[in-house]
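The values are calculated or read from the model by the stated rules, or taken from the named source; none is laboratory data. Since this is a predicted model, take the numbers as computed values, not measurements. Neighbour counts are summed over all protein chains in view; Cβ atoms, including those assigned to glycine, are modelled from backbone coordinates with ideal geometry.
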Amino acid sequence: MNVEIVENLKSFLNDNIIPNINSHAKERLDYLEKQLQRYENWKNEILNIGDLEKIFLETAQFHRDIESSINIEKEKILKTDIHQLLGNYQNKFDELTKDSQQFINVDQEDFHFK
């Protein structure tokens, strides 16, 4: 009789309880796999956001470097233009001074003061 009870219990467990446990375990496993996939997707999105932030920061630094280079070049051009203008004015001044000196020399030669 005990053997028959054990066999009936085994049969009941195999037919009813174990399939339910397996079904529930499979559902739980599927749910956990979906959660893991969501986590992986979030992790990848966060990494992508981090990559985008890194790219943004590098781009901003590149922009600042270019802006700095442009400002340096502007200063060089401005200094060159100023030096060129000063050089041109100096040349004009030298020419006028030379002409004035020649005029003064001519005047002194033409008029002898005694």
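Here Gln61 meets each of (1) surrounded by 10 or more Cβ atoms within 10 Å (Cβ to Cβ); (2) at pLDDT below 85 with one exception, condition (2).
A search for C-beta distances below 7 Å between a residue of segment 1-29 that is modelled with pLDDT under 80 and any residue that is among the acidic types (Asp, Glu), counting only pairs 6+ apart in sequence or on different chains, returns nothing.
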